[in-house]
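Following: one structure in structure tokens, then a few remarks.
What follows draws every value from the coordinates through simple rules; no lab data is involved. Every value quoted in this text rests on a predicted model; they were computed, and no experiment measured them. Neighbour counts run over all protein chains shown; Cβ positions are idealised from the backbone, glycine included.
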Amino acid sequence: MSSNSNSGPWDMIVVGAGTTGLPAATMAAQRGGRVLLVEVAEKIGGTLLVSFGQMSAAGTRLQAEKGIEDSPEKHLEEVMRISRGTIDPVLARLSIFNAADAFDWMMELGFDVQDQCPSIESAHERYEVARYYWGNDFGKSVLDVLEPAMREQEALGCIKVLTGTRVTGLMQDRDGIVNGVELIDGEGRESSAAGKNVVLTSGGYAANPVMFRRLCGYKLYLNGAYEFAQGDGYDLAVAAGGYLRGRDKYLSNFGWLLEDGPYPKSMLGRANTYPEARLPWEIYVNAHGQRFVREDEPSIDVREHALLDQPELRYWIVFDDSIFRQAPPIVYDWSREQMAEAFNTCEVFRRADSLESLAEDIGVPGGALAKTVAEFNAGVAQGRDALGRSHMPVSIDTPPFYAIRQQGGSVSSTVGVAVNESLQVVRPDGAAIPGLYAAGEILGSGQLQGNAFVGGMMVMPCIVFGRLLGQRLVEF
């Protein structure tokens, strides 16, 4: 290990210059701390470079200005409702009761919030109160305020930024206290840096197919995560004595249309399976050729959990020619003509002259698919669906027949590093590892959202926890 000017000792070493690392470094520096900020990519920003950057916070000044009454207590109550009580209650409370301060701080920095915010709209289960926010440039809008704040402290000499540099190990003394990091830069030069506190804010593992499969139990289907989300921080935490939790909280979204080729695949498009935006004409069948959820089920959470029980998180949207010609096109931003060209030329778009041929083409039992369609048609005729569906404008009986394959999955990391109420990394027995902290997506969606997708409860906790660590770990 070569010696170098990174030896410190630093008041804080932050591993990852993204949604959590930037506010952590900034707040620590503002309190007079000397901070080393290490980023494996050549530029800072992390997942903010690719994410929507949606946040939720209760009791903000913006809410007050718009006459919206809200409170952290109400927000916590709703988060517990949406997650069915599966979110980590300690981390949820820590985030929610500090979220308004963090959001107001961002507004003071010039956050470019969209005019309709605070909003009640959401791609997942809705809050009862409008407390959902995002910028006009989505994740980049968040970065556009976090980066200048950090750069200001860098210019003052309070923060040193190392990009293109990987942390390969944590330094611990004989008592197990973490007191520094081992580094390697893009040219292979090794070095070390000593620090009073090391904060892991290096993000998740959703771009690492091997780790994703090991921790989630599913293939990494979509190549949609930030490319440097390789899970490095997980290995560092475990090597230091920490452990991971949240494996039981995995949840899939309700599906994408993926391009041809090996997994992970790129996205080809998105089907509109939101009943509030487009009532369904089609039916959804699983690998057994059976329906598994009422297609007009109003709760996205119910639909997502229904998909979680299906083989390979996969299903087919099945319809006939009359639906194809009458219904609004189901693929976002695709015309009926574009869809017609895709059938039997793309792997996920299939067309056949009979249900039996369609079933064979998509790999489901022919008899089962024909029976499923017949039962649905009987429900249409009787005005009573076996699954309770109410919107059934037409039966499925006019050839040719069509199927569009939907692939569920996720682009976030469910499993996370275990921490206590102070965000210290803990051992399996609950004892804290002195000098080592973790925050951000490295904590995993299982802890930050439970087994649900809870609006704004990934990005907001990242910012909140970063600020808190920066404030608490450096003394004036």
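Express in whole angstrom the spacing between the alpha-carbon centres of segment 146-195 and segment 243-312.
Segment 146-195 and segment 243-312 have Cα centres spaced 41 Å from each other.
Once you list every other residue whose beta carbon is under 12 Å from the beta carbon of R214, what net charge do they have if Lys and Arg are +1 and Asp and Glu are -1? Kindly include the intermediate steps, with their values, before the conclusion.
Values: positive: R213, K219, R247; negative: D235.
Cβ neighbours under 12 Å give a net charge of +2.
Can you tell me the dipole magnitude for the chain around its Cα centre, using point charges on the Cβ only (Lys, Arg +1; Asp, Glu -1), in Debye to the nearest 20? Each step should come with its number before you reach the end.
On the way: 42 positive and 61 negative charges, 159 e Å.
Using only the charged Cβ atoms, the result is roughly 760 debye.
Between (1) 4, 19, 27, 22, 15, 9, 3, 0; (2) 4, 20, 30, 24, 14, 5, 2, 0, 0; (3) 4, 21, 32, 28, 13, 2, 0, which entry matches P(r) over Cα pairs in 10 Å bins from 0, in percent as derived from the coordinates of this structure?
The calculated read-out lines up with (1).
If I take R0 = 35 Å and measure r between the Cβ atoms of E360 and D309 in this structure, what FRET efficiency does the formula 1/(1 + (r/R0)^6) give, to the nearest 0.05? All intermediate terms of the calculation are to be shown ahead of the outcome.
Details: r = 25 Å, r/R0 = 0.70.
For E360 and D309, the calculated efficiency is 0.90.
Only Lys, Arg, Asp and Glu count, each charged at its Cβ (+1, +1, -1, -1), so figure out the dipole size of segment 1-139 about its Cα centre, rounded to 20 debye. Before the final figure, lay out the partial values.
On the way: 11 positive and 19 negative charges, 77 e Å.
It comes to approximately 380 debye.
If the cut-off is a Cα-Cα distance under 19 Å, which lysines reach K74, setting aside same-chain residues fewer than 8 apart in sequence?
Here the lysines satisfying the reach criterion relative to K74 are K66.
Hey, what number do you get for the chain at 222 nm if only DSSP H runs of n ≥ 4 count, each worth -39500 (n - 2.57), divided across all residues, to the nearest 500?
On the way: 14 runs with 144 residues, N = 476.
So the helix-based figure for the chain works out to -9000 deg cm²/dmol.
For K160, list the aspartates and glutamates whose Cα falls under 13 Å from its own Cα; do not include residues on the same chain fewer than 8 positions away.
Here the aspartates and glutamates satisfying the reach criterion relative to K160 are D11, E39, E152.
Reachable aspartates and glutamates from K249, Cα under 18 Å, same-chain residues fewer than 8 places away excluded?
Partners within reach: D88, E125, D301, E304, D309, E312, E441.
If you restrict to DSSP beta bridges whose two residues both lie in the chain, what percentage is antiparallel, to the nearest 5? Each step should come with its number before you reach the end.
On the way: 40 of 56 bridges.
Roughly 70 percent of the beta bridges in the chain run antiparallel, per DSSP.
Quick one: plug the Kirkwood hydrodynamic radius of segment 258-407 (C-alpha pairs) into Stokes-Einstein at 4 °C, 1.567 mPa s, and report D in µm²/s.
Reported coefficient: 84 µm²/s.
With a cap of 13 neighbouring Cβ atoms within 10 Å, and only residues DSSP puts in a loop, list the trypsin sites (Lys or Arg not before Pro) found in segment 369-424.
Working: sites: K371, R384, R389, R405; in loops: R384, R389.
When the trypsin sites (Lys or Arg not before Pro) of segment 369-424 are filtered for loop state and at most 13 Cβ neighbours within 10 Å, R384 remain.
How would you rank I433, I177, going from fewest to most other Cβ atoms within 10 Å of each one's own Cβ? Don't skip to the answer; put the middle values down first.
Details: I433 22, I177 13.
Fewest to most other Cβ atoms nearby, the residues stand as I177, I433.
Considering Cα pairs under 8 angstrom that are at least six residues apart, work out the relative contact order of the chain and quote it in whole percent.
Numbers: 1100 pairs, mean separation 114.0, N = 476.
Value for the chain: 24 percent.
Just the projected area, averaged over all directions, of the convex hull on the alpha carbon atoms of segment 149-219: how many nm²? Display every interim value, and only then the final one.
On the way: hull surface 29.3 nm².
Here the figure is 7.3 nm², rounded to one decimal.
If each residue of separation counts as 0.36 nm, what is the full-extension length gain between D353 and L244 once their alpha-carbon separation is subtracted?
Numbers: separation 109, 0.36 × 109 = 39.24 nm, distance 5.05 nm.
Stretched out fully, the D353 to L244 stretch lengthens by 34.2 nm.
What value does segment 1-142 have for Rg/Rh, both radii from Cα atoms and Rh as Kirkwood defines it?
On the way: Rg = 17.5 Å, Rh = 16.9 Å.
With Rh from the inverse mean 1/r over Cα pairs, Rg/Rh is 1.04.
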